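Student: Just dropping this structure here.
Here, each number is a calculation from the coordinates, and none is a lab measurement. What you see is a predicted model; the values in this text were computed from it and never measured. Note that we place each Cβ from the backbone using ideal geometry, even for glycine, and neighbour counts take in every protein chain shown.
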Amino acid sequence: MIQGTKKALSLWEKIPPSIRVKLLNNAWCGQCRNVCSIADAYLELLKDHLVIKGSCITCGSAVARCIDD
């Protein structure tokens, strides 16, 4: 289950489920230097952008993905 702020979770729910899966499985890990899936996802708003924070499912390094409109 994804956690986050109320406002961020509300915006997340407006994204179609198929797109949400793609977003969670398409982040960049600087440690692995490859695309990864996000584990332990946490959603928040930063300057009106929805941001998914979590860890790389492969190596455990911190990763984030910013979602634009």
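Student: With a cut-off of at most 12 other beta carbons within 10 Å, and DSSP calling the residue loop, which trypsin sites (Lys or Arg not before Pro) in the chain qualify? Please list them. Each step should come with its number before you reach the end.
Tutor: Working: sites: 6, 7, 14, 20, 22, 33, 47, 53, 65; in loops: 14, 33, 47.
Sparse-neighbourhood loop trypsin sites (Lys or Arg not before Pro): 14, 33, 47.
Student: Which FRET efficiency value, to the nearest 0.05, do you get for residue 33 and residue 66 by plugging their Cβ-Cβ distance into 1/(1 + (r/R0)^6) with R0 = 22 Å?
Tutor: Values: r = 19 Å, r/R0 = 0.87.
It comes to 0.70.
Student: Relative contact order for the chain using alpha-carbon pairs under 8 Å, separation at least 6, rounded to a whole percent? Display every interim value, and only then the final one.
Tutor: Numbers: 122 pairs, mean separation 20.2, N = 69.
With pairs under 8 Å counted, the relative contact order is 29 percent.
Student: Residues with beta-carbon under 13 Å from that of residue 26, excluding residue 26: net charge, scoring Lys, Arg +1 and Asp, Glu -1? Present the calculation step by step, with values, prior to reporting the outcome.
Tutor: Values: positive: 20, 22, 65; negative: none.
Within the 13 Å Cβ shell, the charges total +3.
Student: Summing Lys, Arg as +1 and Asp, Glu as -1, what charge do residues with Cβ under 14 Å from the Cβ of residue 1 carry, residue 1 excluded?
Tutor: Neighbourhood net charge equals -1.
Student: Assigning unit charges at the beta carbon (Lys, Arg +1; Asp, Glu -1) and nothing else, what dipole magnitude in debye, to the nearest 20, does the stretch 3-67 show about its Cα centre? Mind dumping the intermediate values first?
Tutor: Details: 9 positive and 4 negative charges, 24 e Å.
It works out to roughly 120 debye.
Student: Using square roots of five times the C-alpha gyration tensor eigenvalues, list the equivalent-ellipsoid semi-axes of the stretch 3-67 in whole Å, biggest first. Please list the in-between numbers first.
Tutor: Values: eigenvalues 82, 30, 18 Å².
Calculated on Cα positions only, the semi-axes equal 20, 12, 9 Å.
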